[in-house]
Amino acid sequence: MKVKVAKLGKRRSKELKKSKKSSSPEEEEATPRSIEPPTFSSSEDEGLDNNSEEDRDEDGELHREAEESDSSEDEIAPRNTIGDVPLEWYADEEHIGYDIAGKKIKKQPRKDRLDSYLAGVDDSKNWRKIYDEYNDEEVELTKSESKIIRRLLKGKTPHADFDPYAPYVDWFTWEDKKFPLSNAPEPKRRFIPSKWEHKKVVQYIRAIRKGLIKFDQPKEESGPYLLWGDSSSTDKDRIGLSYIPAPKPKIAGHEESYNPSVEYIPTQEEINSYQLMFEEDRPKFIPKRFESLRSVPAYEKALKEGFERCLDLYLCPRTRKKRINIDPESLKPKLPSRKDLKPYPIICYLDYKGHTGPVVSISVSETGQWIASGSKDGTVRIWEVETGRCLRVWEVDEAVQHVSWNPVPELPILALCVGQDLLLLNTGLGNAEEQSRMTELLNVKESPPVDDSGLNTSIVRWSQHEKHEGIRLKHIKSVSKVEWHRKGDYFTTVVPDTRAILIHQLSKKLTQNPFKKLHGLPVSAVFHPTRSIFFISTKKNVRVYDLLKQKLIKKLEAGVREISSIAVHPAGDNVIVGSREGKICWFDMDLSSQPYKILNCHPKDVTNVAFHRSYPLFASSSEDCTAYVFHGMVYSDLNQNPLIVPLEILRGHSSTKSGG
């Protein structure tokens, strides 16, 4: 190991200064000025280890020495000033270089190895001496320098006072700071949920539900087992056909003993009664008692039964039958108690009487105070919910197909489908300010039809109603459904005969036909409750469109014969679809285009489905004169499926041949 000693301690420098004063000029030229890297042999390393005890005893003296100084005045300039010139160039010369005055530094006479060895035997500090080739002299290491060398050999730091594992000091105090490190405003992405993470989570949930992602199951520890038991049932690692063991014969008991107890031996009357029994019911073995084993006779049927046993084992085919002991009650889904899911309708509270024909459509106002009903007797009535009082009646002289309230409470406008007309009527509810606003909205001038235009086309004509206060929208064919947008300005109508889904704007009296190429006969159209998404239901599927991007987002496959109605959850992530087969399909928009749950509840056609606005309830009505009420809880956690529980069947309605 080579060690380069850059400085000497104060004690070493003082000794060198004293030697300078006492020595002659010739000796002064040979005085060492610096030390080049020496080389330690293995014997010198052993000497370091052997004398470690001596250094420990002298630690007190080391601590008393002055600390190493960093001052440049205490440093001694190198004696030889040749720099990086190789010493090999001076191998044939009498000197090894030049000092700072330019005088030659003569080489010291070399001792024989034997003389140097004998001289070092009696010197106890010989192990500390090293030869400096650069200055051609022997240098004795101090105790502090040898201590540094020992620490370096052990892989430690040179200075004992240095702590390589010092505790971390946080120089910046974070508490009670008035300003942050950066005055830049927070980026918007920190407040908006990541759409990419949302899609990734949905993909993981789908993969987990489909079984594509499987979690590691904990390894089962081998527990106790029957030493003499049948090991065929636990032979799971067998490759090929499973081994089926032969049935074991019954183990002999006390009755088969040659000297059984008295209670096992039948009486003569019991033996005679055995003869009267059928052969299959007769016991196979009748116990007898013998005094010794030598007096037991040979079994008469031993050979015959042994042969039959061999035939059974050889020729009888054996199959494994898996028996699963499962309690049938455990297979039923665990549903919450109906008492915990209240409130929900149970009995008939009020009966609104007044229509002479079947009622085909009802609509509840946004405030929940009024109900509008349309009947095939050609009348539309408004009822008060709490009292059942009929507030107003409109006679339209034609069967009413559908009625719908405006969702804005300040605009109590009623839309109804009557044949080829769509009527927007002023209900007369609200204060004077609201009435004046509705009068202004329901005022329209005659507009001539314009051909080849995207707005006022010839299929719809806006006009003022002659008999009632409101607007009349004349269509080419009969209108079946009308639905409002959540803001109350837009509404949509369904014209099945022309396969048209029209979107109207009340404030500007405009009509648009954006869906000119529908794949299938339209049944219903609904706006999304919170977003700019539009649902169009045909007889086979439901198409979901983005109105802003004007493109198809998703196609929901119901898998039923014919779709009759559709309803969107108030949160907007779930959709229920009613069919002509009596089935109700629940769709989860975030998971799949296939129905999450199919409820086969009605024996006849489902006429309408609807969600409750505030409670986790949804209902369906059918031509079988019943209405089913369900509990449908939707959770914000994507790992938890919606909870669907049937609650009540409401009866008491009557049907007619014409429907309703």
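The values are calculated or read from the model by the stated rules, or taken from the named source; none is laboratory data. For clarity, every value in this text was computed on a predicted model and none was experimentally measured. Reconstructed Cβ throughout: ideal geometry from the backbone, glycine too, with neighbour counts over all protein chains shown. The accessibility values were calculated without ligands, DNA or RNA, using every heavy atom of the protein model including side chains. Shrake-Rupley method; radii C 1.70, N 1.55, O 1.52, S 1.80 Å.
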Exercise. When only residues in region 240-287 that are in contact (Cβ under 8 Å) with a residue 24 or more places away in the chain and among the charged types (D, E, K, R) count, which is nearest to Asp312 (Cα to Cα)?
Worked result: Glu256
Exercise. Mind checking which residues of region 643-660 are over 34 Å from the mean Cα position of the chain (by Cα) and either of a type outside the set (A, V, I, L, M, F, W, C) or assigned to a loop (DSSP other than H, G, I, E, B) (or both)?
Worked result: Glu648, Arg651, Gly652, His653, Ser654, Ser655, Thr656, Lys657, Ser658, Gly659, Gly660
Exercise. If we scan region 281-302, do we find a residue that is closer than 30 Å to Phe611 by Cα, in a helix (DSSP H, G or I) and of a type in the set (D, E, K, R)?
Worked result: no
Problem set entry | Among (1) in a strand (DSSP E or B); (2) within 47 Å of the chain's Cα centre (by Cα); (3) aliphatic (A, V, I, L, M) - the single one Leu391 does not satisfy | (2)
Problem set entry | Residue under evaluation Leu293, criteria (1) among the aliphatic types (A, V, I, L, M); (2) open to solvent by less than 100 Å² (accessible area, probe 1.4 Å); (3) in contact (Cβ under 8 Å) with a residue 12 or more places away in the chain, criterion not met | (2)
Problem set entry | Single condition Gly652 does not satisfy, out of (1) open to solvent by 50 Å² or more (accessible area, probe 1.4 Å); (2) within 28 Å of Asp377 (Cβ to Cβ); (3) at pLDDT 90 or above | (3)
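Residue check: is Thr356 modelled with pLDDT under 85, open to solvent by 100 Å² or more (accessible area, probe 1.4 Å) and under 60 Å from the mean Cα position of the chain (by Cα)?
On the way: modelled with pLDDT under 85: no; open to solvent by 100 Å² or more (accessible area, probe 1.4 Å): yes; under 60 Å from the mean Cα position of the chain (by Cα): yes.
Considered against the rule, which asks whether it is modelled with pLDDT under 85, open to solvent by 100 Å² or more (accessible area, probe 1.4 Å) and under 60 Å from the mean Cα position of the chain (by Cα), Thr356 comes out as no.
Taking region 471-495 as the search range and keeping residues that are part of a loop (DSSP other than H, G, I, E, B) and open to solvent by less than 10 Å² (accessible area, probe 1.4 Å), which one is modelled with the lowest pLDDT? Even if it seems obvious, please write down each step before you answer.
We begin by selecting, within region 471-495, every residue part of a loop (DSSP other than H, G, I, E, B); these are 476-480, 485-489.
If we keep only those that are open to solvent by less than 10 Å² (accessible area, probe 1.4 Å) as well, we get 479, 488.
On the way: Val479: 92, Gly488: 89.
So, considering only residues that are part of a loop (DSSP other than H, G, I, E, B) and open to solvent by less than 10 Å² (accessible area, probe 1.4 Å), the one modelled with the lowest pLDDT is Gly488.
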For this session: Note down all Cβ pairs under 6 Å where the first residue falls in region 114-128 and is among the basic types (Lys, Arg), the second is open to solvent by 60 Å² or more (accessible area, probe 1.4 Å), and they're at least six residues apart or on different chains.
Result: Arg128/Glu140
Exercise. Which ones in region 378-412 are closer than 19 Å to Pro529 by Cα and surrounded by 15 or more Cβ atoms within 10 Å (Cβ to Cβ)?
Worked result: Val403, Ser404, Trp405, Asn406, Pro407, Val408, Pro409, Leu411, Pro412
Problem set entry | Which numbered condition Asp590 misses (of (1) open to solvent by 40 Å² or more (accessible area, probe 1.4 Å); (2) under 20 Å from Gly520 (Cβ atoms)) | (2)
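Please determine whether any residue of region 132-151 is within 30 Å of Ile96 (Cβ to Cβ) and open to solvent by 70 Å² or more (accessible area, probe 1.4 Å).
Keep residues of region 132-151 that are within 30 Å of Ile96 (Cβ to Cβ), which gives 132-146, 148-149.
Next, only the ones that are open to solvent by 70 Å² or more (accessible area, probe 1.4 Å) stay: 133, 138.
Among the residues of region 132-151, at least one is within 30 Å of Ile96 (Cβ to Cβ) and open to solvent by 70 Å² or more (accessible area, probe 1.4 Å), which makes the answer yes.
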For this session: Select, from Asp216, Asp170, the only residue that is more than 30 Å from Asn639 (Cα to Cα) and charged (D, E, K, R).
Result: Asp170
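Residue by residue, here is whether (1) in contact with a Cys (Cβ under 8 Å, 6 or more places away or on another chain); (2) touching a residue at least 40 places away in the same chain (Cβ under 8 Å); (3) within 24 Å of Glu483 (Cα to Cα) holds:
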| site | (1), (2), (3) |
| --- | --- |
| Val568 | no, yes, yes |
| Val575 | no, yes, yes |
| Ser579 | yes, no, yes |
| Phe611 | no, yes, yes |
| Leu617 | no, yes, yes |
| Met633 | no, no, no |
| Pro642 | no, yes, no |
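Going through region 360-377 one residue at a time, which ones are among the hydroxyl-bearing types (Ser, Thr, Tyr) and open to solvent by less than 50 Å² (accessible area, probe 1.4 Å)? Reasoning before the result, please.
In the first step, residues of region 360-377 are kept if they are among the hydroxyl-bearing types (Ser, Thr, Tyr); the result is 361, 363, 365, 367, 373, 375.
Within region 360-377, Ser361, Ser363, Ser365, Ser373, Ser375 meet the criteria.
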Problem set entry | Hits in region 96-116 (condition: in a strand (DSSP E or B) and open to solvent by less than 90 Å² (accessible area, probe 1.4 Å)) | Ile96, Gly97, Tyr98, Ile105
